[in-house]
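This report concerns only the one structure given below.
The values are calculated or read from the model by the stated rules, or taken from the named source; none is laboratory data. In this text, all values refer to a predicted model and were calculated from it rather than measured experimentally. Here the Cβ positions follow ideal geometry from the backbone for every residue, glycine too, while neighbour counts run over all protein chains shown.
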Amino acid sequence: MRPIADKEYCHNRLGADFAHHLSNYDTQRRVEVLIDDFLPDEVVRGKEVLDVGCGLGWFSARLRERGAMVTACDLGPAMVEETRRRTGCHGVVADALELAAAFGAERFDVVVSSECIEHTPDPPAAIHQMAQVLRPGGWLALSTPNLWWYPCVRLATLMKLRPFDGYENFSTWNRLRSAYRDSGLQIAREQGVHLYPFQFKLHPLSRWLDRHAQWARGLMINLCLLGQKNAERSASP
């Protein structure tokens, strides 16, 4: 077991206050893209799905609604307990960098992870672990913030506008693509979310841009990627 830095528990320390610092719109958009847009019914219903970095359980709840058999995991015990309470799914305290040790190789049909890998000291290693627990032909749907926006986020933190004090290792499209390919995943879908900060409240325009301005996804705040393990053996959704 690796030594875990105290900063990796920043969300767990927030406890119930964590919900007050989230944007419901932002969370819902990521749920819509990673689960509703990326994963058709035949990929989800009746399948074993792992939600990595489950947080407060928004993604686990939607996966359960879609008919998946969900296991939710997080490094923070409070996060796991809240997700278990809200959704009734199986919850496990587990490290995103040691998933294979926690669950075993080739255990799940689908892995979903939103805004988790950036809070680890090694995002590519976390992606590799997610690929390890996927069965051949399984799907990984993941989102993480765009490195291009890190200066704005860092400034907000320094100004005490946000309470997070953990790792924030944001990514680029090229880094994500490389991590997927190095982990044996073939990329099937890419989508950016939020061309401008969701705090501006111009949500209808933001949704329109999410649909019609994917040519600018390199500048969007959230990077969403779908990949398949040994994809050549299975049909694309």
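Key figures
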{"read-out": "Residue count, segment 210-237 (criterion: crowded, with 18+ Cβ neighbours inside 10 Å and at pLDDT 95 or above)", "value": "12"}
{"read-out": "Filter result (of a type in the set (Ser, Thr, Tyr) and more than 9 Å from the chain's Cα centre (by Cα)) within segment 109-141", "value": "Thr120"}
{"read-out": "Enumerated helices (runs of 4 or more DSSP H) restricted to segment 1-97, each holding at least 1 residues that are aromatic (Phe, Trp, Tyr) and under 17 Å from the mean Cα position of the chain (by Cα)", "value": "24-31, 58-65"}
{"read-out": "Output for segment 102-122, where each listed residue is of a type outside the set (D, E, K, R) and either without any contact (Cβ under 8 Å) to a residue 60 or more places away in the chain or at positive phi (or both)", "value": "Ala102, Phe103, Gly104, Ala105"}
{"read-out": "Matching residues in segment 4-34 - criterion: being in contact with a strand residue (DSSP E or B) (Cβ under 9 Å, 6 or more places away or on another chain) and either modelled with pLDDT under 90 or not acidic (Asp, Glu) (or both)", "value": "His11, Asn12, Thr27, Arg29, Arg30, Val31, Val33, Leu34"}
{"read-out": "Any hit, segment 145-153, residues being in contact (Cβ under 8 Å) with a residue 40 or more places away in the chain and under 16 Å from the mean Cα position of the chain (by Cα)", "value": "yes"}
{"read-out": "Search result, residues across segment 137-151 that are within 13 Å of His194 (Cα to Cα) and part of a strand (DSSP E or B)", "value": "Ser143, Thr144, Pro145, Asn146"}
{"read-out": "Search result, residues across segment 110-150 that are under 17 Å from Asn230 (Cβ atoms) and surrounded by fewer than 19 Cβ atoms within 10 Å (Cβ to Cβ)", "value": "Arg135, Pro136, Gly137"}
{"read-out": "Cross-chain or 6+ apart pairs with Cβ under 7 Å, segment 30-50 first and more than 19 Å from Leu134 (Cβ to Cβ), then at pLDDT 95 or above and of a type in the set (Ser, Thr, Tyr)", "value": "Arg30/Ser114; Arg30/Ser143"}
{"read-out": "Candidate set: segment 180-202, residues that are assigned to a helix (DSSP H, G or I) and modelled with pLDDT of 95 or more; chosen: the one farthest from Leu226 (Cα to Cα)", "value": "Asp182"}
